[in-house]
Every structure is written in C-alpha cells, then in structure tokens.
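Rule-based calculations on the coordinates, nothing more; no lab input. Note that the structure is a prediction, hence the values are computed from the model and not measured. Cβ sites come from the backbone with ideal geometry, for glycine too, and all protein chains shown count toward neighbours.
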Amino acid sequence: MVDWMGRYRNLVAAIVQHTNVITKAGNVSHFMYDGIYMTSNEWQVMEYIVEHRDDDEKMILMSEALGIPQSSFSKIIKRMSALGLVERYRSIDNKKNIILKPTALAMEVYNFHAEQSYNEVFKPFFDALEGISDDDLETVTNAISLLSSNIIGSQKEPEEKSKLIKID
C-alpha cells in the first residue's frame, strides 16, 4: 500500500523533510544578537512571548499553544531568564499561574533577529507563495493545523472501553 498518499506524495515528503530540518535545527544554537545564541525552539518561545506581551497569558497556555511539552518549556524559560530575556510574574489572585514578559533586551534581540530571519528565510518563502489566493492560503494553513492535531491525537493511548451494564 505505497500509493496511499496519492497526489499528495510530494506535499507529504516536503512536510516530512521540513519536520526533520526543524527537529535538527531545534537543538542547535544559532547566533541571534550580540553574544546571544538560541535554538530554534528557544527563539519560537521568545517570539511568542514578545508577540503576546500584553496578554498576561499563563505559561502553561503558552506551552500548549506552541506544542512544546511543559517540562521542555520550563527549561527554555529558565535558560531565557538566565540570559536576561524573560521576566516571570505571578498574579496576585493566583500565585500558581506564571506570566512571562519580555525584557528590553528581549525586544532588541527580537527586532534584530526577526528582520534577519525575514530577509534570509521567510521573504523567499512568502515570495514563492505570492501566486496563491488568500482563500487557498487559509485552506493550506487549516490543513497543516489539522495534520498537527491528528498527529498528536494518534499518539495517545487508545482509551479502554468501559463495560456496559444493561438497564431494564
């Protein structure tokens, strides 16, 4: 059954290759700004924190939104705090919930590296997509999100069916 992908074989192959490249890059530190090196995963976390700096979003929700396990997310935050990029806050109402905010240094790093990433990585990618409509772009985006959700869902242990008792 090697034909199950049908006309989507090239798309699936590109997604698989992209996933492997991202996995490899996720564990390698890259220059970000003036002596600061971060992995792709650390950059994604910082970018999320910067983009949501006014939301007072809980740390646990950030890890879920990025699809990063909580333990890995906590390690990333610890490292980013040590680099002076993130400050941790607690709500007066709920001391368990940790709120993350970028520092001024984080904003400098973000602005510098975002411009560099845009020019070197994303602009050519966006230019290659220029010919598709906004509706088609939304369709592809939704399909990739669905694929991610289904991959996560397929990794869960199947739930054991409970035994039924007939009611007369």
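Structural remarks
- For V45, V50, V2, order by how many other beta-carbon atoms lie within 10 Å, fewest first: V2, V50, V45
- Contact order for the chain, expressed relative to its length and based on alpha carbon pairs under 8 Å spaced 6+ residues apart, stands at 16 percent.
- The range 87-98 - phi-based ³J(HN,Hα) in whole Hz, Karplus 6.51/-1.76/1.60, Gly and Pro as x: 10, 9, 10, 10, 6, 4, 6, 9, 6, 6, 6, 9
- Extension reserve of the L147-I99 stretch, reckoned as 0.36 nm per residue once the Cα distance is removed: 14.3 nm
- The ranking of L85, L137 by Cβ neighbour count inside 10 Å, starting from the fewest, reads L137, L85.
- Here's how it looks for T39: its modeled amide H is under 5 Å from those of H30, which are all 5 or more places away or on a different chain.
- Under the simplified labelling scheme, the V121-H52 pair shows an inter-label distance of 1.9 nm, with each label point 7 Å from Cα along Cα→Cβ.
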